[in-house]
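Throughout, read-outs are computed from the coordinates displayed, never taken from laboratory work. Because the structure is a prediction, the values reported are computed rather than measured. Using ideal geometry, Cβ is built from the backbone for each residue, glycine included, and neighbour counts are taken over all protein chains shown.
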Amino acid sequence: MRVRHLRARLKGWGGVGAMAAACALAVVFALAVTCTGSGASQAGTQPAGHRTTKALTVDAARAADDCEAPEKQTLPPSRADGPAITAIKNRPGEKRKLVVGVDQNSYRWGYRDPNSGQYGRLEGFDIDLVHRIAEDILGDPDAVQFKAIPTDQRIPAIQDGRVDLVVRTMTINCSRLKDVAFSAPYFRTGQQVLAPKSSPVEGYDKTLANRRICTAKGSTAYAKLEEDRESGDLPASTDISTTVPNQLDCLVRLQLGEVDAVVNDGALAASQAAQDPAVELKGEAFTTEYYGVAMKKDADDLVRRVNQILVDFRQDTATGWQASYTKWLSATMDDDPSASRPPAPEYLRRS
């Protein structure tokens with residue numbers, strides 16, 4: 001995965017310094033309204049079409065304990081309402097909104113555009129998907145309460161009921177499947193190294209020896225670095241101690257000279273390289289990962305509904321997945337088939 005360095009420029013942003021300032025401003029004005037919870041565990045009579053959920057949930061739990069393809073460990077799509085969706089729809093008055101955990105500083109994925117109003121409107125590929133889910137469930141694409149959450153708070157926010165969903169470039173993996181449920185994948189990417197163009201770092205290899213690497217706390221990037229250094233696949237002298245709450249903070253650390261390289265999802269790293277022409281992706285992706293929408297483990301009807309929405313999102317050629325990709329991501333990513341088209345979903349089936 002390579003970056004088209006000359007194609008993507010920030011219009012009116014004045015470089016990444018302005019981006020960092022905008023993110024700081026966004027933190028001050030981040031939406032922090034108390035939510036009523038997803039109600040995913042609320043007891044009640046299951047509607048028609050929901051009776052096989054318990055068996056499928058057992059299958060999903062077993063798959064999480066012994067999974068080789070985590071992106072396939074999800075429930076088949078359905079439009080049927082169940083307790084989780086009913087709880088969302090029954091919220092009173094102004095609280096009748098979908099509560100979603102998102103990022104607000106990942107350029108082109110989920111970020112605040114400082115040119116779009118007093119506080120900056122949330123925009124990006126993930127944000128488009130959130131609006132699509134809200135429109136399908138509540139009939140209004142703007143019936144959303146956004147909650148900006150750091151990388152390492154994505155799972156706790158779901159488990160604590162602070163959000164109904166997390167749509168935040170979240171990789172589906174076996175470890176996370178033990179704590180939350182995921183939709184089918186909506187994007188394919190892989191870990192890559194980001195470093196200054198003048199750096200001797202060539203990729204995820206021996207050139208990282210004696211280098212300081214930055215990752216987001218709680219990210220799959222850090223887990224991979226830790227695993228590979230212990231196994232000897234990463235030089236033992238590589239310093240991986242620098243972790244930050246949000247992945248954009250790594251770019252700032254890199255610009256300040258506090259670290260030598262960043263390891264991040266290639267899709268996110270490409271957007272960072274678009275913000276700063278002095279950095280670039282080094283080498284090829286060294287993992288294969290899939291982003292999914294995360295929900296509570298027992299919110300089976302919500303998982304099924306989101307999977308149905310993703311089916312429709314992929315098939316909608318006018319305003320769906322491809323249109324959103326073209327608008328937000330095509331300028332910073334190569335026309336690699338693995339990135340420029342949605343992954344084909346596979347679902348759990350009863351044996």
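Taking loop as defined by DSSP and a crowding limit of 14 other beta carbons within 10 Å, which GluC sites (Glu not before Pro) in region 235-292 fit?
Details: sites: 258, 280, 284, 289; in loops: 258, 284.
For GluC sites (Glu not before Pro) across region 235-292 that sit outside H, G, I, E and B with at most 14 neighbouring Cβ atoms in 10 Å, the list reads 258, 284.
Could you tally the net charge around residue 297, taking each other residue with its Cβ under 10 Å from the Cβ of residue 297, Lys/Arg +1 and Asp/Glu -1? The partial results should precede the final answer.
Details: positive: 178, 296; negative: 179, 298, 300.
That sum, taken over residues with Cβ under 10 Å, equals -1.
With the contact rule set at Cα under 8 Å and sequence spacing of 6 or more, what percent relative contact order holds for region 162-244?
Values: 67 pairs, mean separation 21.9, N = 83.
Relative contact order here is 26 percent.
So, counting K/R as plus one and D/E as minus one, what does the shell of residues with Cβ under 10 Å around residue 150 add up to?
Every neighbour counted, the sum reads 0.
Straight-line reach from residue 89: which lysines have Cα under 25 Å away, leaving out those fewer than 8 places along the same chain?
Within the straight-line cut-off, residue 89 pairs with 54, 97, 147, 296, 297.
Treating only the Cβ atoms of Lys and Arg (+1) and Asp and Glu (-1) as charged, compute the dipole magnitude of region 241-349 about its Cα centre; round to the nearest 20 debye. Let's see the in-between values first.
Details: 10 positive and 17 negative charges, 87 e Å.
Its charge dipole is roughly 420 debye.
Please sort 268-274, 193-199 by packing, taking for each peptide the average over its residues of neighbouring beta carbons within 10 angstrom, highest first.
So the peptides 268-274, 193-199, ranked by packing, come out 268-274, 193-199.
Tell me which residues come under 5 Å, amide H to amide H, from residue 145 once H is placed; ignore anything under 5 positions away on its chain.
The list, which skips near neighbours in sequence, is 98, 99, 100.
Within 10 Å, count the other beta carbons around each residue, average over each peptide in 82-95, 146-159, and list them highest first.
Most protected by this proxy first, the peptides run 146-159, 82-95.
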